[in-house]
Amino acid sequence: KLVMLVLLIFSVLSWWIIITKYILFSRARYASEDFLADFWESKTLNNAYEAAQNFTLSPEASVFVSGFNELRKLSAARSERNKAETLQGKLASMENLKRAIRKAQLVETDRLERSLAFLATTGSATPFIGLFGTVWGILTSFQEIGAHGSASLAVVAPGIAEALVATAAGLAVAIPAVIFYNFYSNKLAGFESDIENFSFDFLNLVERDMLSRE
């Protein structure tokens, strides 16, 4: 019963993660598509920033907001110095922007990846937990044999049945966890690629604008 209870807890938590991740990934995908459409239609970065406020679930929108806020800080610092900035200074500012964007990328990746490790743990651990239940059931069968002094089917069958149920339950919990862990890992890789591509595009826009003003 303890083994079955542990497997039930793993199963409930796994399916909760599977369902919530499906909702999160779907909403993030739709939000990103809408944000990117608005971003490329925006005439200025200020307009894109206003549009990004409506897409909080989009990883690209969050990365853009972080980068735009860093640009604001850099512009404010230049205004306080009250002097024209050299090309070398502008390129140095780009390094600050890149670090801010990279940090935002890591934050968004961590947000999307959170709890996936539990699915991996479930997929690898629950078969062994079920196997433990199997061994326990066999031990029970041997105890019954020793107590009754008989190895008849009526004596052995209950313990063996419990053992087989525990094995089946462990596999039933592990298989969906492994399948969806691999599924969401591939989805996460796609998100990381899209975030990286958008970051490059954003940095290129900013750098071209800086160079054009030189």
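Tabulated data
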read-out: Number of positions in region 31-64 that are hydrophobic (A, V, I, L, M, F, W, C) and without any contact (Cβ under 8 Å) to a residue 24 or more places away in the chain; value: 5
read-out: Residue in region 149-168 that is at pLDDT 85 or above and either under 28 Å from PHE39 (Cβ atoms) or part of a helix (DSSP H, G or I) (or both) present; value: yes
read-out: Residue under evaluation ILE101, criteria (1) open to solvent by 40 Å² or more (accessible area, probe 1.4 Å); (2) modelled with pLDDT of 80 or more, criterion not met; value: (1)
read-out: Residue in region 52-60 that is open to solvent by 70 Å² or more (accessible area, probe 1.4 Å), over 21 Å from TYR184 (Cβ atoms) and part of a helix (DSSP H, G or I) present; value: no
read-out: Close pairs (6 angstrom Cβ cut-off, 6 or more residues apart or separate chains): at positive phi in region 168-179, of a type outside the set (Gly, Ala, Ser) and open to solvent by 60 Å² or more (accessible area, probe 1.4 Å) anywhere; value: none
read-out: Condition check for ILE19: open to solvent by less than 90 Å² (accessible area, probe 1.4 Å) and not in a loop (DSSP other than H, G, I, E, B); value: no
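The values are calculated or read from the model by the stated rules, or taken from the named source; none is laboratory data. Just so it is clear, the structure is predicted and the values come from calculations on it, not from any experiment. Please note: Cβ atoms are built from the backbone with ideal geometry, for glycine as well, and neighbour counts cover all protein chains shown. To get the accessible areas, we keep the full protein, side chains included, count just its heavy atoms, and leave off ligands, DNA and RNA. Shrake-Rupley method; radii C 1.70, N 1.55, O 1.52, S 1.80 Å.
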